[in-house]
């Protein structure tokens, strides 16, 4: 459902032109749990930006359910994101002035959906925060904040979810639980999950690992899921 | 499932604004003062206009009035008599200046005498202390006087006061005279006496000036305008003026409108400065929201949705700020009558003027929104990538690229300024002129900011201390607020300093004039046979007579053989082909001229030559004031025949003079050779040098006792009064200066707050690199000191230019800059900038270097 075809991205930095991504090609089916791995500077954050439609490639295309991201303007991409994409960030990126419940409602409210609150309550209960709905992010622990972020990411029933170093700011126990949550939600909803990380152990939990180095895909293999 | 993408945004906007509301309100309150000023001025003007309408009959005293500067001619008297027989009641008032003397105390002073007949005034109650004094003034030789007069004459109720050769008993003091402006009493205290004793005073003799007024009371339902036009027709050719209540009303409301427009300019400037504050503050606000906006974009918000969310927040806060301003304005409106009481002819009843309040709020919200939009539209450009990766602010907003919407908003700002200026200034020309002036000032400040910050880069030397270099570097770093701070600071300084400079120049001019006057005691209305007597009185007291100036009254009979009547009937073709009548006033008016053979220091020959005194056979020469000469379209060599009390005196125009009318000396439109008028009936003006108030009083008493018709003015008293009034004006100016300062504060806050993110990042990085809090503090001090100095000095420089322009073109006085106050103003502003900068920078001290590590 997500196809990357000959993706290349170049940046102008001062006088030079940097090529961050070179000819990246792959295709992901619906419901897959994929990890994109690589050291820092390998271009994985850039790749994430392109796959999610946050940015446009210098050349090549990204197809999400056959819709060509690279051919749309920013607002069109935003609308498509609102319908089909969910995000989980390393630094949680919750809106600090909204409660947990209000944060989860945001994607649906942006679509003008009147059923936002009902869905949000449901999701918060699902992630185990039914009793913390009216807390502000500053009143929640790191793990709790990330769970709210996950609830938010699933609120619009996304076809694909991108997680950028979701456990980077958490200790290993909490991080483990977060990944378990992502995995169960992936099975329940059949959304594709793309995990971007430099943590090899975390990556090993995915069905498939795409390894990046210096802007190129160096390996793309299915792995056996840890039992 | 509803798919309207906008329906839920207002709710989201309101909730998202939770912690920012107070700060946003602070930024929006920049416009509160401007709105307050506008609401106060408009509401007050509305109140005064209403009071004028309500009390207009009392202001005139009758349904209509007839006034003349001369005794009524028999024809006029006949017209009035016939009106009387038609049942139109009349009341008379004769007003003139004279000396009043209280024999008991010896006090004497120049007063305004009002000799009134029975029934005066028909409308508007004059009240007195004791209350019975006024209603009974006609019962005998009574006088009701201004309370201040008792003080200056050292008199009491019951004392006798001499006016001319008549004696009156002071039966009471005036409490309230409707239609009179309170402050005029300080210039000439009023004395009301019954009309029938006027002749007894023997004061209105040859050459005296007085106003003769008749009030009419029309029967119920009579048409004022019809009466007035009929009366005007009946008295054509007579030198008298007819006025109705409506005319008075119109004159006054026009004056009020003009005052309102003038003061409105102040409000407008305040509003504009507030707008700049709003723009800066909202810019700071946008910077804080960058992360949130990026996340929203990731979650599916279009750039327009994001813009809408923050526009809603700004609009709500703008409304609150404007309403706050309106409340401020209403409080101000209630205080204004107290401050301006002495200058108004009516009692003003203060009440709410909803139209003014609504207009003020509307204009305030509009200005706040349109200025807020400028930084807000940049929000559309925030890339969702920002949520993944932290970039420098300027890059995030992609400000360098031209944004048509931003340009459109900038144009809307300029258009709004123009529109508001034109509607408030009352005329297109003035509105445009004002807008251009403002734009020039803004442009100059902006330009100097750009220039100076680019210079800063070049000027910095590696030898200088690190903290200084770092401070200066902040002037040109990306995302700097140099321009906004210089603009807001500079504008405030510009306003304050210009005020001080103009004030100083005006004072300096006045000082020079007063000190140049050698004589301080002026005697006028001196009859021909009294001159020597007064001269000896002055000398007997041991003082010098500086000048004895003869005064001859006359009219123009003919110019170059054409009579005045023929000249008035002439039509002229002006340069653009229009046919008009020449201005009749210079031909009809009475001239008070003098004769002498020498030229004085206050006049300068601009055309022709001064009198050649040898020739006694040709026509006598006359020198004319150049402005009057132009009005009469004279040329050197023309002949003017003057009607001097019935005698025709032909003369030849041999020079035009430019007269410095501002000097405290007798100046004349027409100066004749001595031989032309030395036998003409004349009066004298005698100027003497009499130092000290007691000496002046002594001489005045001596003269008044022997010559009760002669009036005198002590110029040093005039000077003191003028200085008093100027003192009040200075207070007002200091107040306005304080307001300018107060205006600057929220604006400055906003401007400084805008660089918060960069400052935090920098500070934290520096700390990681080992900088102590003290060093960081010094860097910030350097930065704000430089910014403050830049803004203030630019403002001061601009103010010198602006005040020069004002003194040169508007006030036409010499430009006398006052350097010390200007520098003081600049210093105060620099201190303000540093204080505000350090206060808002507290956060930098508190944040630990750990933050820098986390952000990797």
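FYI, it's all coordinate maths here, none of it is from the lab. If you're wondering where the values come from, they're calculated on a predicted model, not measured in any experiment. Here the Cβ is made from the backbone with ideal geometry for all residues, glycine too, and neighbour counts use every protein chain on show.
Tabulated results
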{"quantity": "The protein assembly as shown - mean residue ellipticity at 222 nm from DSSP helices (-39,500 (n - 2.57) per run, n ≥ 4, rounded to 500)", "calculated": "-16500 deg cm²/dmol"}
{"quantity": "Relative contact order computed over chain B (Cα-Cα under 8 Å; 6+ residues apart), in percent", "calculated": "17"}
{"quantity": "Efficiency of FRET between residue B:511 and residue B:721 - r from beta-carbon atoms, R0 22 angstrom, step 0.05", "calculated": "0.90"}
{"quantity": "Angle between chain B longest axis and helix B:756-768 axis [Cα atoms, degrees, rounded to 10]", "calculated": "50"}
{"quantity": "Between 0 and 90°, nearest 10: helix B:428-459 axis offset from chain B longest Cα axis", "calculated": "40"}
{"quantity": "Distance between modelled label sites at residue B:450 and residue A:134, nm, 7 Å Cα→Cβ extension", "calculated": "5.4"}
{"quantity": "Segment B:607-643-segment B:674-728 distance, computed between alpha-carbon centres (Å)", "calculated": "30"}
{"quantity": "Ranked B:193, A:36, A:209, criterion: other C-beta atoms within 10 Å, fewest first", "calculated": "A:209, B:193, A:36"}
{"quantity": "Packing-based exposure ordering (other Cβ within 10 Å, fewest first) of B:598, B:332", "calculated": "B:598, B:332"}
{"quantity": "Rounded to 5, the percent of DSSP beta bridges in the protein assembly as shown classed as antiparallel", "calculated": "75"}
{"quantity": "Sorted by Cβ neighbour density within 10 Å, fewest at the top, the residues B:349, A:97", "calculated": "B:349, A:97"}
{"quantity": "q = 0.15, 0.22 Å⁻¹: log10 I(q)/I(0) that the Debye formula gives for segment A:1-65, counting C-alpha atoms only", "calculated": "-0.47, -0.95"}
{"quantity": "Among A:56, A:138, A:174: highest mean-square fluctuation, GNM of chain A, C-alpha pairs under 10 Å", "calculated": "A:138"}
{"quantity": "Hull volume in cubic angstrom per residue (convex hull over the Cα atoms of the protein assembly as shown)", "calculated": "250"}
{"quantity": "Rotationally averaged projected area of segment B:186-316 (alpha carbon convex hull; nm²)", "calculated": "18.9"}
{"quantity": "Test item: A:44-50 mean partner chain Cβ contacts at 10 Å", "calculated": "2"}
{"quantity": "For B:10-19, mean number of other protein chain Cβ atoms within 10 Å", "calculated": "4"}
{"quantity": "Inter-site label distance for residue A:189 and residue B:236 at 7 Å from Cα along Cβ, in nm", "calculated": "9.6"}
{"quantity": "Virtual paramagnetic centre 7 Å along Cα→Cβ of residue B:75, amide N under 20 Å, in segment B:191-235", "calculated": "B:212-214, B:228-235"}
{"quantity": "For A:86-93, mean number of other protein chain Cβ atoms within 10 Å", "calculated": "4"}
{"quantity": "Calculated P(r) tail over 56 Å for chain B, as whole % of Cα pairs", "calculated": "30"}
{"quantity": "Between segment B:272-323 and segment A:167-210, the alpha-carbon center distance in angstrom", "calculated": "36"}
{"quantity": "For segment B:5-122, alpha-carbon Rg relative to the globular expectation (2.2 N^0.38 Å, N residues)", "calculated": "2.28"}
{"quantity": "Antiparallel DSSP beta bridges within segment B:595-663, percent to nearest 5", "calculated": "70"}
{"quantity": "Segments A:25-33, A:148-156, B:114-122, B:245-253 sorted - mean Cβ within 10 Å per residue, highest first", "calculated": "A:148-156, B:114-122, B:245-253, A:25-33"}
{"quantity": "Average silhouette area of segment A:86-227, convex hull of alpha-carbon atoms, in square nanometres", "calculated": "9.1"}
